[in-house]
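Structure first, commentary second.
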Number of protein chains: 2
Amino acid sequence: MPQPLPSWRSGKARDAIVEFVNAVTVQGGVDFVPPPERIAVFDNDGTLWCEQPVQVQVAFAQARIRQLADADPTLKDRQPFRAFLEHDLATIHTLGKEGVFEVAFAAHSGVTIETFDKLSKAWLAETRHPQFGRRYTELVYQPQLELLDYLRANGFKTFIVSGGGADFIRAFAEQTYGVPPEQVVGSTVNTKLQETDGHLELMKLAELQSFDDREVKVQNIGLHIGRRPILAFGNSDGDLAMMRYTLSAPGRRLALLVHHDDNEREVAYDRDFRLSPLVEALDKADDYGITVVSVAKDWAEVFPPQA
Amino acid sequence: MPQPLPSWRSGKARDAIVEFVNAVTVQGGVDFVPPPERIAVFDNDGTLWCEQPVQVQVAFAQARIRQLADADPTLKDRQPFRAFLEHDLATIHTLGKEGVFEVAFAAHSGVTIETFDKLSKAWLAETRHPQFGRRYTELVYQPQLELLDYLRANGFKTFIVSGGGADFIRAFAEQTYGVPPEQVVGSTVNTKLQETDGHLELMKLAELQSFDDREVKVQNIGLHIGRRPILAFGNSDGDLAMMRYTLSAPGRRLALLVHHDDNEREVAYDRDFRLSPLVEALDKADDYGITVVSVAKDWAEVFPPQA
């Protein structure tokens, strides 16, 4: 059998993962966890795929707002739409993650969830990252793809718990990560059940239902998953509550934090990224028992090989 | 191989199920559905287990309100608590499903989700049905247990979508139905993330978050499952939107409705059961393309054999 996790370099982070998985899967071991309880939760933006210079969904919202502005030119003079239309990153960054995503969700409303799925898939298929030049779904982290596979091969059920929109992530997560729609927890808008010619459809409304960030991630784990994860992986303070919740129970548990410290192969950033800062989780990782993963040191590859 | 569905009598309902499953699973067939899209949703109360004389969770809430009334005797004079304490079914029935469940959810608050799980499991283990004398988890429908197994053996993923409380159903659904917590969608209360001695816990609040009935079932399918089911099974008007939504898309689809018409082996009821009436779904089943399942005629057994 080939060694698991080939894109993970030997070191503390890889060892922590392999030792944890061995401990919870050895039948009869003191740390054994039955398969149904092997729940692993992953943040998406910055944990499974690149979130620089802005989260992918922000770029998607920009594209959609451009379409809406063609229909209603007054949007061009109104903030925060203007910032999106002019790609004014400085202003966009000041909106904060929730502000940006709220604009995004408004831009995503007025369609059925099935139409939204088609729009998302089409945009992801045709759009390339402004710097890296590859499709966004190719800017996923190769070590994390291997980790998801490794966990599932060891009886884990893998979930995404993201501040991004659940319906947007569902449009690609099954094909890209092997995570089916029902295992994607994310931010959501309210929906309306609408009948047209005797057919029922769910229409997305421009009303934020849940902004799945910080403590809301834990509340949504309770709502959607209904049991406490034993492994959590994040990359920002928005994931800290989820990581701490995962660690806050008896038995063997693992929380991991990606630290983006590689300006050669990706983008180095942490506390100054205003759309999703990493401060407390990094400063207190040791206190909380969180394992920090360095992109520069722990990952032999960052992105999958070019086709 | 033994015949599937031994507790289903030959007839239109059983034929409809077997023909449907064959059609969507034959590789290369015109109606083939890939396994990840084989989503089946089941109501719980009255569809998977007995909901007479009141939904099981109402009985659980009564027991809990009795405990609360010991601590606060003024509850004994206040409605709707008094009706629960005096087992005044006539008054309880007038509250409607949402009214009753709201009282129930209030009675379930003030504990962590893990404590609630333990309370639910303990009560289900020690309590017996007032007429049938068996544990509630033994008053599940044997034909439905076989159907859940049959669907899963054919690559379906089975979900519960119930007006009952998600956390209550999660306490027994995995063991009783083979449905894990993350595949249980139900009514929910808001939760609060609480830190005690450095440990994070989710506390259940006395605030209704979602009453998972009628059109809300469809909205919650969108929220939790993220794709349209191809099979839906219910027993009341509360399930009609979910059944119609399931049928409202191209491709082969199946919606089934239990009609409780057997006063010998269970309880015969439909339009006059005020806690969860069956009127429109029965009257318009043919128009909507819903297959009616008669307990008296289609089920050879109702409950599992006595141990």
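Highlighted here are the helices (runs of 4 or more DSSP H) found entirely within the range B:134-198 that include at least 1 residues which are within 12 Å of chain A (Cβ to nearest Cβ): B:166-170, B:173-177.
Scanning the range A:199-210 for residues that are crowded, with 20+ Cβ neighbours inside 10 Å and in contact (Cβ under 8 Å) with a residue 24 or more places away in the chain, we see that the one that is farthest from the other protein chains (Cβ to nearest Cβ) is A:204. The set of residues in the range A:34-85 being touching a Leu at 6+ places or on another chain (Cβ under 7 Å), of a type in the set (D, E, K, R) and within 27 Å of residue A:139 (Cα to Cα) consists of A:66 alone.
Against the list (1) of a type outside the set (A, V, I, L, M, F, W, C); (2) closer than 21 Å to residue A:286 by Cα; (3) within 14 Å of chain B (Cβ to nearest Cβ), the condition residue A:37 fails is (2).
For the range A:78-119, residues that are in a helix (DSSP H, G or I), among the polar types (S, T, N, Q) and closer than 14 Å to residue A:67 by Cβ total 1. Would you confirm whether or not the range B:248-260 contains a residue that is facing another protein chain (nearest Cβ under 10 Å), of a type in the set (Ser, Thr, Tyr), over 16 Å from the mean Cα position of the chain (by Cα) and surrounded by fewer than 24 Cβ atoms within 10 Å (Cβ to Cβ)? There is at least one residue in the range B:248-260 that is facing another protein chain (nearest Cβ under 10 Å), of a type in the set (Ser, Thr, Tyr), over 16 Å from the mean Cα position of the chain (by Cα) and surrounded by fewer than 24 Cβ atoms within 10 Å (Cβ to Cβ).
Taken as a whole, the range A:54-68 holds no residue that is in a helix (DSSP H, G or I) and within 14 Å of chain B (Cβ to nearest Cβ). For the condition surrounded by fewer than 18 Cβ atoms within 10 Å (Cβ to Cβ) and of a type outside the set (S, T, N, Q), residue A:239 does not qualify. Exactly one residue out of B:164, B:186, B:155 is touching a strand residue (DSSP E or B) at 6+ places or on another chain (Cβ under 8 Å), more than 23 Å from residue A:216 (Cβ to Cβ) and touching a residue at least 24 places away in the same chain (Cβ under 8 Å), and it is B:164. Across the range B:23-81, the number of residues qualifying as buried (at least 21 other Cβ atoms within 10 Å of the Cβ), among the polar types (S, T, N, Q) and at pLDDT 95 or above comes to 2. Note on the range A:216-236: residues that are surrounded by fewer than 24 Cβ atoms within 10 Å (Cβ to Cβ) and closer than 21 Å to residue A:270 by Cβ amount to 0.
When we screen A:226, A:222 for residues that are within 30 Å of residue B:240 (Cα to Cα), within 8 Å of chain B (Cβ to nearest Cβ) and part of a loop (DSSP other than H, G, I, E, B), the only hit is A:226.
Criterion applied to A:142, A:131, A:175 was being touching an Asp or Glu at 6+ places or on another chain (Cβ under 6 Å), under 25 Å from residue A:266 (Cβ atoms) and surrounded by fewer than 24 Cβ atoms within 10 Å (Cβ to Cβ), and the one residue passing it is A:142.
The values are calculated or read from the model by the stated rules, or taken from the named source; none is laboratory data. Everything numeric here is computed off the predicted structure, so don't read it as measured data. Every residue, glycine as well, gets a Cβ built from its backbone with ideal geometry; the counts of neighbours run over all protein chains shown.
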